Amino acid sequence: MKHPILYRTGMYSCFIVLIAGILFLIHAMNGAPFKSADMEEAYRNGCNFGARPLTEETIEECKRTSQMFRETLDDLDKQMEKLNANESL
């Protein structure tokens, strides 16, 4: 190694960029839709992407799946509320 300072600088720069990227993504999560109704809509909109063509069957399947997704999130919200209520006691 002729220039160890360059290798160290490069390694530390990669490490700092990685940490900054993680912090940026964590900060971006603050704007994510955490209500189940918003998540259902986001899931339904996500069905438009993909290789399969949109037909009546795929649209109905997407609606059923997004509704099931919303119900699951609602159940998780209720469980989290119970856990938070128990912890605060």
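The values are calculated or read from the model by the stated rules, or taken from the named source; none is laboratory data. Computed from a predicted structure; not experimentally measured. No Cβ is skipped: glycine too gets one built from the backbone with ideal geometry, and neighbour counts run over all protein chains shown.
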What are the residue pairs meeting all of these: first residue in the stretch 1-24, first residue surrounded by 10 or more Cβ atoms within 10 Å (Cβ to Cβ), second residue of a type in the set (A, V, I, L, M, F, W, C), Cβ atoms under 9 Å, and 6 or more apart or on different chains?
Tyr7/Met1
Within the set of pairs 6 or more residues apart or between chains, which connect a residue that is within 24 Å of Asp77 (Cα to Cα) inside the stretch 39-62 to a residue that is modelled with pLDDT under 75 and of a type in the set (Asp, Glu) with Cβ atoms less than 6 Å apart?
none
Contact list, first residue from the stretch 63-79 and assigned by TED's automatic domain parsing to the domain that holds Glu40 and under 10 Å from Glu40 (Cα atoms), second anywhere and surrounded by 14 or more Cβ atoms within 10 Å (Cβ to Cβ) and hydroxyl-bearing (Ser, Thr, Tyr), beta-carbon distance below 7 Å, six or more apart or interchain, is Ser66/Tyr43; Phe69/Tyr43; Arg70/Ser36; Leu73/Ser36
